[in-house]
1. Would you mind computing Rg(Cα) / (2.2 N^0.38 Å) for region 145-207, counting N as its residues?
2. What distance in nm separates the simple spin-label points at VAL210 and LEU250, each placed 7 Å from Cα in the Cβ direction?
3. With a/c under 1.5 counting as rounded, go ahead and sort region 95-185 into rounded, prolate or oblate using the C-alpha gyration tensor (a ≥ b ≥ c being the square roots of the eigenvalues; past the cut-off, prolate if a/b is larger than b/c, else oblate).
4. Within region 124-170, report the chymotrypsin sites (Phe, Trp or Tyr not before Pro) that DSSP leaves as loop and that have at most 13 other Cβ atoms within 10 Å.
5. Can you pull out the trypsin sites (Lys or Arg not before Pro) in region 55-155 that DSSP calls coil and that have at most 13 other Cβ atoms within 10 Å?
6. Calculate the spin-label point distance for ALA281 paired with ARG136, positioning each point 7 Å from the Cα along the beta-carbon direction, and give it in nanometres.
7. With Kirkwood's inverse mean 1/r over C-alpha pairs for Rh, give me the Rg to Rh ratio of region 179-328, two decimals please.
8. So if R0 is 45 Å, what FRET efficiency would ARG51 and LYS298 give, r being the distance between their Cβ atoms, rounded to the nearest 0.05?
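The values are calculated or read from the model by the stated rules, or taken from the named source; none is laboratory data. In this text, all values refer to a predicted model and were calculated from it rather than measured experimentally. Cβ coordinates were reconstructed from backbone atoms using ideal geometry, including for glycine residues, and neighbour counts include every protein chain displayed. These area figures cover heavy atoms from the full protein model, side chains too; ligands, DNA and RNA do not enter into them. Shrake-Rupley method; radii C 1.70, N 1.55, O 1.52, S 1.80 Å.
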Amino acid sequence: MSPFSGRTTKESTNSKGSNSKQFKLVVEESTLEPKFPIGQYDYIDGRNFYRTEIKNNYLLPCDDEEVERLEVNHLLAKLYFSPIEEQLKQGIRVLEVGTGPGWWLQDMAKDFPASHFTGTDIMFFPNNPPTNCHYRIADVSKGLPFADNTFDFVVQRDAMYRFSRTHWDFVLNELIRVAKPGAYLELVESSGTINDIGPNSSVWLMRLTVSLQTRNIHPKIAPQISQMVIDTGRVTDVVGSHRSIPIGWLGKLGDVALESMERLFDSMKPRLCEDWSMSSAKYDKVTQSASKEFRDFKSWSNFHYVSFRKMTDQERSETATPSSTTTLTPDDTDVESKGSSSSIKQ
């Protein structure tokens, strides 16, 4: 019997007057309605995964547990960094690509009721979104269903595990395409690196890196995004920086980061056990030891953000090289640095 299956019994009686015979109808149903459409999802070790054209290409699941993980992750990086607060108050059109459960989008929609917010993703989980917030199913790696120059602010967050290196080039240009000339765009990504880690944490991270590379996913893309957007030749005012996050230490922030990591361990478990030919019990042992090491070794990681503006036609004609008006910080290299930006907006 499949993990969605069950057996239920329905009983029905019928009587037409005192002289009528009573009968009982018993109907057995061999299967219950699945939580997600079976044709679109794979069910592996208790988790639902979006089925892609390339087998096992989607590393993270799409189920209630993943929604909870993304909510915890949202608590770590729910800020915005671009200088657009006044515009948001007055009312603009905002797009979030890869919105998932829509935590960031819905918070922003509540904070800025005069603006309108649109979210896209290959599937959705949002519950009772605000009236100034709506969603469209779309895969940005295949193109967004919006006309050129549509949005005043375009955001993409936490997309590191979704795209291959080739996809990133296409996605960045697609985000820029739908932004209005002069509009701000922003990308926020975790670094893909954990610093000051113990032996079990190091083994897990090393094996994860191999699994990502077999899927042509670049695990350390975040520090390179600033240069990638500059290379498009279509943007200006590029500002890249980062915030350092303790994992399992230094108070409440560290506790939230540790919970986020432990939930990530669980989310990746089915795929990684397949990749590594590892038993579930052994995987649990490794990740439990890694969680303890985060506290003992005072591990930390970075969230990188890049804010930039789409050039107007006049700026494109006047600017010989787009890099002449950009600002890059030291963390826009492959070397991970520890620190935080002093210009973070709430």
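1. Working: Rg = 16.3 Å, N = 63, 2.2 N^0.38 = 10.6 Å.
Relative to the 2.2 N^0.38 Å estimate, region 145-207 comes out at 1.54.
2. 3.1
3. Working: a/c = 1.99, a/b = 1.29, b/c = 1.54.
Because a/c hits 1.5 or more and a/b fails to exceed b/c, region 95-185 counts as oblate.
4. On the way: sites: PHE124, TYR135, PHE146, PHE151, PHE153, TYR161, PHE163, TRP168, PHE170; in loops: PHE124, PHE146, TYR161, PHE163.
Taking region 124-170 and a limit of 13 other Cβ atoms within 10 Å, no loop chymotrypsin sites (Phe, Trp or Tyr not before Pro) are found.
5. Values: sites: LYS55, ARG69, LYS78, LYS89, ARG93, LYS110, ARG136, LYS142; in loops: LYS55, LYS78.
Answer in residue order: LYS55.
6. 5.2
7. On the way: Rg = 19.2 Å, Rh = 17.4 Å.
Rounded to two decimals, Rg over Rh is 1.10.
8. Values: r = 40 Å, r/R0 = 0.89.
In this case the efficiency is close to 0.65.
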